[in-house]
Amino acid sequence: MVQYNFKKMTVVPSGKDFIDIILSRTQRQTPTVVHKGYAISRLRQFYMRKVKYTQQNFHEKLSTIIDEFPRLDDIHPFYGDLLHVLYNKDHYKLALGQINTARNLIGKISKDYVKLLKYGDSLYRCKCLKVAALGRMCTVIKRIGPSLAYLEQIRQHMARLPSIDPNTRTVLICGYPNVGKSSFINKITRADVDVQPYAFTTKSLFVGHTDYKYLRYQVIDTPGILDRPFEDRNIIEMCSITALAHLRAAVLFFLDISGSCGYSIAQQAALFHSIKSLFMNKPLIIVCNKTDLQPLENISEEDKKLVTEMKAEAMKTVIGQGGEATNDEGVLLTMSTLTEEGVIAVKNAACERLLNQRVELKMKSKKINDCLNRFHVAMPKPRDNKERPPCIPQAVLEAKAKQAAEKEKRNTERDLENENGGAGVYSASLKKNYILANDEWKEDVMPEILDGHNIYDFVDPDILHRLEELEREGHRQAEEGDDGFEMDGLELTPEEQKTLAEIRKKKSLLIQQHRIKKSTAESRPTVPRKFDKDRKFTTKRMGRQLSKLGLDPTKAIDRARSRSVSTRGRKRERSLDRDDTDGGDAMDVDTPNKKQRMLSRSRSRSRSRPPTEVVPGEGFKDSAQKAKALQKANKSNKMRNKNARRGEADRVIPTLKPKHLFSGKRSIGKTQRR
């Protein structure tokens, strides 16, 4: 599992983008909605909130940057030294320190200006203090612009670093440039490292993964190292030195015995002795590469002596791990990445040495005692001197032999096809797998027509008998007629037949009623006038139809006209006098007084109701209780109205003059308006 994933770090914006992001968010979340009539306490509170919100946004953004960048003292020493080699630890810490200082300064500025805003005596003063606070915060961010740009470059570079787990099983490849390290990692893993015939093709660490004994190993390809003083080494070489110093890995030191890399064996041996202190407590294997150009036996005596000395140094690592000095297997290996001869042997030897070392370390640790206490290996003691070799019963052996013989004898359809002329000549028979009483019947041909009859009509031997039964049953039902009632194959009693007849009659009546109701004028859709071009649906036609039926159509026509949408072109009719409503018979009745006349008027006229009158459902006992509740409600709103607080029911007034609507078209140039 990879512990350090630098690819998920948040992008660090530049100083200008940082300010734009924060101020845009502030304007979006706290839009300016103030008017001259607002109470001064409300204005102070609004501008204090604006300043605090801006400070919080700056604080969150800067805290994210500080927290996501790794602290060199808290991470694995390999990554700590690698970051120091690549970016210089002092510059890195200085940049993060400046970000932290800017965060604290912005918090202090916000605190100071919030105190000043508490005593702002006018809208103008509050606005000026807000502008000054935001301006000072932006100035602080502008000053740390170079640090932000530096950290963004570091973030981009760190995202390209390989994901190396310092604690897992690791095989490390090192040596002079151009000795075949990248070719080897390409052969044993799925990594795709660039291979070129010149030195320092590999400029950084590359990681691949391989499997051995169902375990995953990470293989690291390091840049080439030159034999020179530590101070003269460049960043590319220092990456290799850092990996060798901090990673617990099996080290493969590559040696080009052909000399085609441009460096002699003596120079490569000198490099080995100069960095051998980094190989302590690590499984070390010396790999002689490019044996296709020159075998190890053909090199000169001096070179053989140098290789022997290197082998002796590698043997010390075997002894240090608890091995025997006489066992020199897996210390000096030869291979050729071009012909792939010995490549897998080198990989297996390195993985095996590393696995043994890790097991030995775990066996020496204190944790192993807890595990060993739970284990018990039982060793049975021999009861006599008689030998008892493993025995397999004879029946099992015979069964296995029989299965093997059957397996050998069985011919597939493909074999039969090849024996009988191949594809196109041999046709596989599907009938041979039929399950019949007699195997001779399998190949019999079934005729379709026999004696003028279809064979499949007579597959059922009782078909004629069944047809006769069906015909007899049909004749019997025809003779009885359709008057008989039958339900579920049982004859009904006279009472049940009578009930069933009533149910059917009622059902038919319901269906008829539904059809009548469906076809009435109420359920018919109203035809709009624009579709009634032939004027089929008019009041005159309705009048004629009603007159034919012997009904007076006057009231129906008047009601249709009163409901008409358009009243244009019609004269307003004079309303009837109250004395004329009843005709001449009203003369005999006493004239009612004014109050009674008012009550007898149409109930459709609206009447005003006093506010204290209790309406059913409001929950008040009487009008006195309702008056008291209204008085309390008005009293509670009085203070809020006095302070000019905006209530729930107030009309919201947006910005009186939005700048983007009234400032006109912007000219060519920058789009920032701050």
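The values are calculated or read from the model by the stated rules, or taken from the named source; none is laboratory data. Small disclaimer: the values here were computed from a predicted structure and weren't measured. Cβ placement follows ideal geometry from the backbone for every residue including glycine, while neighbour counts extend to all protein chains displayed. These accessible areas exclude ligands, DNA and RNA; they are computed on the full protein's heavy atoms, side chains included. Shrake-Rupley method; radii C 1.70, N 1.55, O 1.52, S 1.80 Å.
Some notes on this structure:
- Global form of the range 208-295, assessed from the alpha-carbon gyration tensor, a/c cut-off 1.5: oblate
- Of the accessible area of the range 170-367, computed with a 1.4 Å probe over protein heavy atoms only, carbon and sulfur atoms account for 53 percent.
- A convex hull fitted to the Cα coordinates of the range 166-233 yields 97 cubic angstrom per residue.
- Packing-based ranking of 160-166, 133-139 yields 133-139, 160-166, ordered from highest to lowest mean Cβ neighbour count within 10 Å.
- Annotation: amide H of Tyr212 within the under-5 Å range of Tyr217, sequence separation 5 or more or interchain, hydrogens built in the peptide plane.
- Relative counts (whole %) of C-alpha pair distances in the range 52-105, using bins that are 10 Å wide: 22, 45, 24, 8, 0
- Classification of the range 270-413 by its C-alpha gyration tensor yields an oblate form. The axis ratio a/c (a ≥ b ≥ c) is 1.5 or more, and b/c is at least a/b.
- Kirkwood's formula applied to the C-alpha pairs of the range 4-94 gives a hydrodynamic radius of 16.4 angstrom.
- When you work out D = kT/(6 pi eta Rh) for the range 367-511 at 25 °C and 0.890 mPa s, using the Kirkwood radius from C-alpha pairs as Rh and the Stokes-Einstein form, the result is 89 µm²/s.
- Translational D in µm²/s for the range 15-160 (Stokes-Einstein at 4 °C, 1.567 mPa s, Kirkwood Rh from C-alpha pairs): 76
- Rolling a 1.4 Å probe across the protein heavy atoms gives the range 15-160 an accessible surface of 53 Å² per residue.
- Reachable lysines, given that their alpha-carbon falls under 19 Å from the alpha-carbon of Lys442 and they are not under 8 places away in the same chain: Lys431, Lys432
- Asp622-Leu450 pseudo-label distance in nm [points 7 Å out on the Cα-to-Cβ vector]: 11.0
- Of Lys507/Lys548; Lys304/Lys347; Lys347/Lys367; Lys181/Lys304, pairs whose Cα-Cα distance is over 27 Å: Lys507/Lys548; Lys347/Lys367
- Packing here is the average count of other Cβ atoms within 10 Å per residue, and on that basis the peptides 249-261, 79-91, highest first, run 249-261, 79-91.
- P(r) tail for the range 123-209: Cα pairs beyond 21 Å make up 58% of the total.
- Global geometry of the range 399-460, whether rounded, prolate or oblate, following the gyration tensor of its Cα atoms and the 1.5 cut on a/c: oblate
- Lys142 paired with Leu549, simple spin-label distance in nm, labels 7 Å along Cα-to-beta-carbon: 9.0
- Pairs beyond 20 Å (Cα-Cα), from Lys203/Lys290; Lys187/Lys213; Lys187/Lys311; Lys36/Lys635; Lys203/Lys316: Lys203/Lys290; Lys187/Lys311; Lys36/Lys635; Lys203/Lys316
- From most to least packed by mean Cβ count within 10 Å, the peptides 24-36, 348-360 give 348-360, 24-36.
- Sulfur and carbon atoms: percent of accessible area, the range 15-160 [1.4 Å]: 52
- Annotation: average projected area of the range 170-367 is 11.3 square nanometres, based on the convex hull of Cα atoms across all directions.
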